[in-house]
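To start, the structure itself, in structure tokens.
The values are calculated or read from the model by the stated rules, or taken from the named source; none is laboratory data. As the structure is a prediction and not an experimental result, all values here were calculated from the model. We place every Cβ from the backbone using ideal geometry, glycine too, and count neighbours over all the protein chains shown. Keep in mind that these areas ignore ligands, DNA and RNA; they rest on the heavy atoms of the full protein, side chains included. Shrake-Rupley method; radii C 1.70, N 1.55, O 1.52, S 1.80 Å.
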Amino acid sequence: MTPDKSHSGGEASPSPEQLCEQVEATREELGETVEALTAKADVKTRAQEKTVAVKQQVAAKTAQVTAHIRDTALHTAHAVQEGTPEPLRAKAAATTEQVRHQAKHVAALAPEPVREKGGQSLQAARANRAPLLGAAGALIALLLIRRARRRP
């Protein structure tokens, strides 16, 4: 170790208390340096921290994309519904009512396991209503576009 002050001239040598303080300060600095180097050298911990950070980023991005898809599906469904002519909407409503009536009739005739499976499917469809509506809207829009292109 080199002393902080040069001893040329009339300067006094540091006292034993000052030397002890300098040694203690150097030990603290050395300890902090060793801790910092140990943390940098701990590859496993750094990899785990990076993994957690990446997982959080992926979860956030997934939530963002899911919300965007849901919003787009709802917007598409509304746009298709607004762009659909009234006679077609009335026909769709009538058809929907007929399908519900037939489904109730068939459900009454079906065995219990089949009814349970149908109930589970219905719950899944209700839970994913927005994507299903979006897909149905896109299908209707595609059919309308194809129909319009066929007409001269």
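Residue-wise, which Karplus ³J(HN,Hα) couplings in Hz belong to segment 38-52, taking 6.51 cos²θ - 1.76 cosθ + 1.60, θ = phi - 60°, and x for glycine or proline?
With coefficients 6.51, -1.76 and 1.60, one gets 5, 4, 5, 7, 7, 5, 4, 5, 5, 5, 5, 4, 5, 4, 4 Hz.
Using square roots of five times the C-alpha gyration tensor eigenvalues, list the equivalent-ellipsoid semi-axes of segment 103-152 in whole Å, biggest first. Before the final figure, lay out each step's value.
On the way: eigenvalues 228, 47, 7 Å².
After diagonalising the Cα gyration tensor, the semi-axes are 34, 15, 6 Å.
Would you mind checking which residues have amide H under 5 Å from Thr84's amide H? H placed 1.01 Å from N; only 5 or more apart, or other chain.
Amide H neighbours of Thr84: none.
Rounded to whole Hz and in sequence order, give me ³J(HN,Hα) for segment 106-111 from the Karplus expression 6.51 cos²θ - 1.76 cosθ + 1.60, θ = phi - 60°, writing x for Gly and Pro.
5, 4, 5, 8, 6, x
With all protein chains present, how much of the accessible area of the chain (probe radius 1.4 Å) comes from carbon and sulfur, to the nearest whole percent? Can you show the working numbers first?
On the way: 8010 of 13300 Å².
Roughly 60 percent, rounded to a whole number.
Treating only the Cβ of Lys, Arg, Asp and Glu as charged (+1, +1, -1, -1), what charge dipole size does segment 39-152 show about its Cα centre? Round to the nearest 20 debye.
Working: 20 positive and 8 negative charges, 86 e Å.
It comes to approximately 420 debye.
Which of the listed residues, Thr66, Gln102, Leu88, is farthest toward the dipole's positive end in segment 51-109, when Lys, Arg count +1 and Asp, Glu count -1 at the beta-carbon?
Projecting each Cα onto the dipole axis, the largest value belongs to Thr66.
Considering only protein heavy atoms, what per residue accessible area in square angstrom results for segment 1-122 with a 1.4 angstrom probe? Each step should come with its number before you reach the end.
Numbers: 10640 Å² over 122 residues.
About 87 Å² of surface per residue is accessible.
If R₀ is 25 angstrom, what is the calculated FRET efficiency for the pair Lys61 and Leu142, using the beta carbon separation as r and rounding to 0.05? Kindly include the intermediate steps, with their values, before the conclusion.
Working: r = 29 Å, r/R0 = 1.17.
It comes to 0.30.
Working out 0.36 nm times the residue gap between Lys44 and Gln102, then minus their Cα-Cα distance, what length gain in nm do you get to one decimal?
Numbers: separation 58, 0.36 × 58 = 20.88 nm, distance 6.15 nm.
The Lys44-Gln102 span can extend by a further 14.7 nm.
Among 89-102, 121-134, how do they line up from the highest to the lowest mean number of other beta-carbon atoms within 10 Å?
On the way: 89-102: 10.6, 121-134: 12.9.
Ranking the peptides 89-102, 121-134 by packing returns 121-134, 89-102.
Note the count of lysine pairs whose C-alpha atoms are less than 27 angstrom apart in the chain, limited to pairs 8 or more residues apart or on different chains. Display every interim value, and only then the final one.
On the way: Lys40/Lys50; Lys40/Lys55; Lys44/Lys55; Lys44/Lys61; Lys50/Lys61; Lys91/Lys104; Lys104/Lys117.
Lysine pairs meeting both conditions in the chain amount to 7.
Tabulate in residue order the Karplus-calculated ³J(HN,Hα) for segment 20-28, using 6.51 cos²θ - 1.76 cosθ + 1.60 with θ = phi - 60°, rounded to whole Hz; enter x for Gly and Pro.
Listing the rounded values in order: 5, 5, 5, 4, 5, 5, 5, 4, 5 Hz.
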